[in-house]
Structure formats: C-alpha cells, structure tokens
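What follows is a short report on a single structure.
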Amino acid sequence: MHADHHLMQQITLDIGIPLAPTLENFFAGPNAEVVSHLRQWLHGSTHGAERSALACFIAGAPGSGKTHLVSALAHALQEKGESVGILRPNSSAVADFDPAWSAVVLEDVHALDAPLQHTAFNWFVNAQSYQRAVFATGNMVPRALALREDLRTRLGGGHIFQLQALTETQVRTVLRNSARLRGLVLGDEVLDFVLHRFSRDLGNLMPLLTALDHFALQTQRAITIPFIKTMLERL
C-alpha cells in the first residue's frame, strides 16, 4: 500500500462539505442495472403503481458504491417526506420496527453482530408483513455470508445485484465530474498523481476530494500536485 494511504484514513468526511449522495451523482458505469432498479422502485408510487415489497440486496467490495446507493435511496425518500428504518453495524440505540417506514435499509450486513442480526431479522419479518421493501448491502452475495440462517435466506430471496469495479478510466471520470460539481478542475497530471499515490477505492478518493475542496477554499489556490503535497503535510 502506498505510504500516503494511511494519511487518507485520517481524512474524515467532516472536512469541507461532502456532496449528498443521490442516484444522479452516482457514476453507474457497469452498474446501470441496479441504479435503474432503485430509480424505478423509488418512482413506482408516483406513476400509480405500487412499490414492490421484494427485498433488494447489493453486494460489492469496500468503495464500490453500495453505501452511496442505499443512502441516496433513503435521502430521496426523506426528501419526499417519508421515513426509513436504517440499521448499520455501528447502530447503538436500535428502534423497533415502525409501520410508518416506507422501506428498511440494512447496511453492511456482513458486519452485524448477533444482537443486530436479531434486530435485522425482526425488521425484515415486519417489513414483509407490512409490505415494505428491504434494501440491504454486504461485501458478498447472501449465500456466501456467515449470518444466522433465517436472515441469510430472506436476504437472498429477492433481487440480488453484484456491483462491478470501475476501470481506472471510469474512476478518472468520476473524480473529474465530482470535482466539476464543486467548481474544481483536476488536470490529467493531478489525476495521475492521485491515482498513483492512493487506492482507486472511491470510498477513499471521495473524502480526499472533499478535503481538497475545503483546503482550496481556505488557501485560494488551484489544485496542483505541489498543492496536494502541501495539504497532506498539514494533515
């Protein structure tokens, strides 16, 4: 791993203002099918059709975008004035299932401990009873997960999408487009430097972009290789 990777771990998302995850600012690339599925589900009730209550499982490696997708879905529902039940591995105060929820989101189910797996199963059963969809993410497809059997079976009973990794060219496009949305310009030399020094994992690169944005605003400087080196020295 490149030496600067450890510095990347120190860059947190509260540096600058991260862009809110939306289905529109997710670079679909080879994963257009899952984005289309989420968009159709989200707008189902708008067009007079009932939203499907089938489960949807999104599998992918760290940084592949699975958290972005379910966060974007939850954000879109909340924008419509709807509520969502969200369970994560770091969830502490866990609520009971609420029939008012439009959907349930179970993030990184591979990392849920036994009590949280119990909660996830409870939410899943209730969601099925109330005809609410469940959107779950994990690092592998359900059949390969080491989870309690009743939960694993339910997670594998609906739509399953395996996110494909982006090529380096596609990662460059994501970074360039995300930078443009922030009013930043990343030249080819800067992109070469960033992709050489850091993991191509977008989960790491997007916080870096947020930090660059914040630092550029503070210093009123253009994004150049010396600029990035200066920022890393100050972290």
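The values are calculated or read from the model by the stated rules, or taken from the named source; none is laboratory data. The structure presented is a predicted model; accordingly, all values stated were derived computationally and were not measured. FYI the Cβ positions are ideal-geometry reconstructions off the backbone, even for glycines, and counts take in every protein chain you see.
Tabulated data for the structure shown
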quantity	calculated
Qualifying residue in segment 197-209 (condition: touching a residue at least 24 places away in the same chain (Cβ under 8 Å), more than 18 Å from the chain's Cα centre (by Cα) and not in a loop (DSSP other than H, G, I, E, B))	yes
Residue match in segment 123-137 (condition: among the hydroxyl-bearing types (Ser, Thr, Tyr) and buried (at least 19 other Cβ atoms within 10 Å of the Cβ))	yes
Out of Ala59, Ala72, sole residue that is farther than 19 Å from Leu155 by Cα, surrounded by 19 or more Cβ atoms within 10 Å (Cβ to Cβ), within 21 Å of the chain's Cα centre (by Cα) and at pLDDT 90 or above	Ala72
Failed criterion for Ala222 (all others in (1) hydrophobic (A, V, I, L, M, F, W, C); (2) at pLDDT below 85; (3) assigned by TED's automatic domain parsing to the domain that holds Ala114 hold)	(3)
Residues located in segment 142-155, provided they are touching a Phe, Trp or Tyr at 6+ places or on another chain (Cβ under 8 Å) and either surrounded by 16 or more Cβ atoms within 10 Å (Cβ to Cβ) or outside the structural domain of Leu112 (by TED's automatic domain parsing) (or both)	Pro142, Leu151, Arg154, Leu155
Number of the exception - Phe193 against (1) aromatic (Phe, Trp, Tyr); (2) within 30 Å of Thr119 (Cβ to Cβ); (3) assigned to a helix (DSSP H, G or I)	(2)
Which numbered condition Asp213 fails, given (1) closer than 23 Å to Ala61 by Cα; (2) out of contact with any strand residue (DSSP E or B) (no Cβ under 6 Å at 6 or more places or on another chain)	(1)
Leu151 being in a helix (DSSP H, G or I) and modelled with pLDDT under 95	no
